[in-house]
1. Out of all the residues in segment 22-60, which are surrounded by fewer than 23 Cβ atoms within 10 Å (Cβ to Cβ), out of contact with any strand residue (DSSP E or B) (no Cβ under 7 Å at 6 or more places or on another chain) and in a loop (DSSP other than H, G, I, E, B)?
2. Residue pairs, Cβ under 6 Å, 6 or more apart or interchain, first in segment 55-67 and in contact (Cβ under 8 Å) with a residue 40 or more places away in the chain and within 12 Å of PRO97 (Cα to Cα), second of a type in the set (A, V, I, L, M, F, W, C) and assigned to a loop (DSSP other than H, G, I, E, B). List them.
3. Just to check your reading of the model, which residue among PHE118, PHE75 is buried (at least 19 other Cβ atoms within 10 Å of the Cβ), hydrophobic (A, V, I, L, M, F, W, C) and in a helix (DSSP H, G or I)?
4. Where residues in segment 78-100 are charged (D, E, K, R), modelled with pLDDT of 95 or more and over 15 Å from the mean Cα position of the chain (by Cα), which of them is surrounded by the most Cβ atoms within 10 Å (Cβ to Cβ)?
5. For PHE64, are the conditions met, namely being surrounded by 15 or more Cβ atoms within 10 Å (Cβ to Cβ), over 14 Å from ASP88 (Cβ atoms) and not charged (D, E, K, R)?
6. Please verify whether segment 22-31 includes one or more residues that are under 24 Å from ARG123 (Cα atoms) and not basic (Lys, Arg).
7. For the list (1) of a type outside the set (Gly, Ala, Ser); (2) in contact with a helix residue (DSSP H, G or I) (Cβ under 6 Å, 6 or more places away or on another chain); (3) at pLDDT 90 or above; (4) within 23 Å of PRO37 (Cβ to Cβ), I need the number of the one condition that LEU142 fails.
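The values are calculated or read from the model by the stated rules, or taken from the named source; none is laboratory data. Just so you know, these numbers come straight off a predicted model, no measurement behind them. Here the Cβ is made from the backbone with ideal geometry for all residues, glycine too, and neighbour counts use every protein chain on show.
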Amino acid sequence: MSDARQPAVFLDRDGTLNKEVNYLHKVENFEWVPGAPEAVKRLNELGVPVLVVTNQSGVARGYFEEEDVEQLHAFMEEELGKIGATIDAFYYCPYHPNREVEEYRALSHCRKPNPGMFEEAIREWSVDPARSFVVGDKHSDLLPGNELGMTTATRCTTTSWTVFPRPLTSSGEKSRASTLRAVESAGDARDDAVPGTRLQ
């Protein structure tokens, strides 16, 4: 029987898709990293699911509510729609182990660098980790993908959306990053799409 799983691209949000703003939750403070919307559109054209995975500890800190996170994601989708692009699903973790809001004070398996959000997306989107990619701007963004056997890449310029391979070299880690153009490589890896579930 053939393997129906598909490749996907997992993207961090803050510092990768949008410019870094401490505890971003207001639309008026949102600004795309140049080239990010176009990269998402290219992945859409290749038929590769685009999945955002983001820690949002500002909820646990009491800076904003989950509704604010979801409204910002809706705004991102609206903006992407203007160029015919879309993010297939947003996964966010509002928890932190030692912050102010008791409801969200927890050691959560979903909080990066733990792989919980990735594991949920893999189940819901029938993802093949060995043919999938993770793009982020911090080491902690890439660790879950490395643990699950994905190729990791960093957006390593502050002025435009360009990705390069990023081997992980901490003790005990095995690098899966080789020569990589994340967008085109993901397209090369694509199988027939398997329907998934939109979270927002």
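1. The answer is ASN22, TYR23, HIS25, LYS26, PRO34, GLY35, LEU46, GLY47, GLY58.
2. That search, which allows pairs on different chains as well, returns ALA60/VAL101.
3. Numbers: PHE75 fails: buried (at least 19 other Cβ atoms within 10 Å of the Cβ).
Residue meeting the stated conditions: PHE118.
4. Taking segment 78-100 as the starting set, the residues that turn out to be charged (D, E, K, R) are 78-79, 82, 88, 99-100.
In the following step, the residues that additionally are modelled with pLDDT of 95 or more were identified as 78-79, 82, 88.
Still in the running and over 15 Å from the mean Cα position of the chain (by Cα): 78-79, 82.
Numbers: GLU78: 10, GLU79: 14, LYS82: 8.
Looking at residues that are charged (D, E, K, R), modelled with pLDDT of 95 or more and over 15 Å from the mean Cα position of the chain (by Cα), I get GLU79.
5. Values: surrounded by 15 or more Cβ atoms within 10 Å (Cβ to Cβ): yes; over 14 Å from ASP88 (Cβ atoms): yes; not charged (D, E, K, R): yes.
Yes, satisfied.
6. no
7. Failing condition for LEU142: (2).
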